[in-house]
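Worksheet for the structure shown next.
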Amino acid sequence: MFTRIAVCVLASFFIGSTSAFAYLDPGTGSLLLQAIIGGVAASFAAGAVFWQKLKVKFSDLVSKNPRD
Amino acid sequence: MGLLRDGGSFRDPAGQVFVSGNRVFRSVAPIGRHHYEAVRDRGTIDKSIADGFLVGSRELSRADWPTELGSASYVIEHDRVPFVSHPYEWSFGQLKLAALHHLDFQLMLLANDAVLTDATAYNIQFVGAKPVFIDLLSIAPYRDGQFWTAHRQFCEQFLNPLLLTAIKGVHYNSWYRGSLEGISTADLNGLLSFTDQLSWNMLTQVVLQARLEKTALDNPAGAIARVRKQRRFSRSAYLGFLGQLRRWISRLAPASDRTTSWQDYAGNNTYETEEAAMKRDTIEAFAAKTCPGLLIDLGCNSGDYSAAALRGGAGYVVGFDFDHKALELALQRAARDSLPLLPLWLDASNPSPDQGWLQLERAGFARRAKADAVIALAFEHHLAIAKNIPLDQAIGWIVDIARTGIIEFVPKTDETIVRMLALRDDIFPDYTEENFQQVLASRAMIVDRRIISRSGRVLYEFESD
């Protein structure tokens, strides 16, 4: 629920636009995006690696556990 | 055989693609040699080919070069892709496979200190149901801290068209065909409802990116200064972007995944099973007799008769259909049975044109659709009756595709035509089997006529010089 509200607040911040001069390479928007959320993306990647390691460790633990 | 430059190969100064008969060459210009040597010497190109990411490619010794390419630094020969297709001819499933292929390739490359310098969907082709990357010179060494410069292109050519179908249930093909570089993030953002935006991925990759594009256009100097100030994009951030997009795209499915008019056609049509079996046997025997290297199946539906042609001995089948769900089923069949079958989207009354720069960049249907054989089953009446195309033109168009083929004639008494004409006047007095036979005979030799249904459907086999 909290995530939903946070996303709503964020969304309302981004809505709305102004007129523009169409002569700059619009790729700048993509580069700005990478500059802004690169850190979050990196932490997602680190989280995914951590999660994989945790899963491997857990499955190792389970498989090493003697059944009888 | 003369050497022809590929009309779509002009943007990258690092090299160009040339075709000579059945052979495909890529020249490496002096400006592109350092990147090429760097990734080649590290074994990245060989690994990309061995792992199935990159089309088979061999560096030629100078003695084997086409003489016209004498000023190049290197000449590479590529395996020929059996049939070149464009992203606007792909089904949702194919564009999704292509997007995942691109991302997986990037992830593999990054692990080997390399990147792709662009993200154009045209650099991916299909061999059957398998995507393959064709532009070896897009591979470059990774520089520490570099941004993903092709991210915007990836969004426009892969992500945004997929989202249009996944979120809005609108097929991207017509839009993509009219806008060859894909769908801009600003355009897609303009279509999103408030609730469409409520996810981290949508909010960042579409809403925020569109907003930042707007900011950059409003204040170019400020935007450039802001990017320069950042300077670095860490490798883990690069990996994070790729991984996040991969997870998101792998979960996407068309919003309008309803049953369409054709998807049950193969199993729920006006034929009886015995008649369908007779039709399959006829196609299989035809393929066994003619052994076509490339066969085009017009109105392929879920690929049932394409598969019959392959069983008979056809080397490769390109199937065309207008119905998206039918194409997904054909793609699933090709993937499941590892068939050399490429299903593509086609509106036969308005086929892909020659377009792009000089109208040579993306070859249209007519320039590519030259095959050894063609089959058009339960197809011609969709042109002649549903689209009001004169019968002689419809037949002429089909016959021009290949030297030999099979066309099914569907009589007016057949249930499908009865339905087509149920709410409209019959303005087709010339649509008779007699006239069909006469027109076909004026364009080719009729070698066989076989009635295959009680309603009077007839298979005509033809051969021309």
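We did not get these values from a lab; they are worked out from the coordinates using the rules stated. Keep in mind it's a predicted model, so treat the numbers as computed, not measured. For neighbour counting, all protein chains shown are included, and Cβ atoms are generated from backbone atoms with ideal geometry for every residue, glycine included.
In table form, for the structure just shown:
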read-out	value
Mean projected area (nm²) of the alpha-carbon convex hull when region B:424-465 is viewed from all directions	3.8
The protein assembly as shown - charge dipole about Cα centre, Lys and Arg +1 at Cβ, Asp and Glu -1, debye rounded to 20	2580
Of every Cα-Cα pair in region B:291-371, the percent that sits beyond 23 Å	24
The protein assembly as shown: translational diffusion in µm²/s, Stokes-Einstein, Kirkwood Rh over Cα pairs, 20 °C, 1.002 mPa s	83
Order of B:Phe154, B:Phe53 under a 10 Å beta carbon neighbour criterion, fewest first	B:Phe53, B:Phe154
Calculated P(r) tail over 12 Å for region B:342-396, as whole % of Cα pairs	73
Volume per residue of the C-alpha convex hull in region B:41-165, rounded to whole Å³	128
Burial order of peptide ranges B:405-417, B:90-102, B:56-68 (average beta-carbon count within 10 Å, highest first)	B:90-102, B:405-417, B:56-68
Peptides B:132-141, B:31-40 ordered by average Cβ neighbours within 10 Å, highest first	B:132-141, B:31-40
Unit charges at the beta carbon, dipole of the protein assembly as shown: most positive-side option, B:Leu116, A:Ala46, A:Gly29	A:Ala46
Computed over region B:108-182, Cα set: Rg, Dmax in Å	14.3, 40
Lys, Arg +1 and Asp, Glu -1 on Cβ, resulting dipole of chain B about Cα centre, debye, nearest 20	2060
Tail fraction, Cα-Cα pairs, chain B, threshold 45 Å, whole percent	18
Rg ratio (alpha-carbon, reference 2.2 N^0.38 Å) - region B:11-110	1.19
Span-like helix ranges in chain B, DSSP H, alpha carbon extent 24 angstrom or more, Kyte mean at least 0.0	B:92-111
Leading residue at positive end of dipole, chain B (Cβ point charges), from B:Leu377, B:Gly145, B:Trp90	B:Gly145
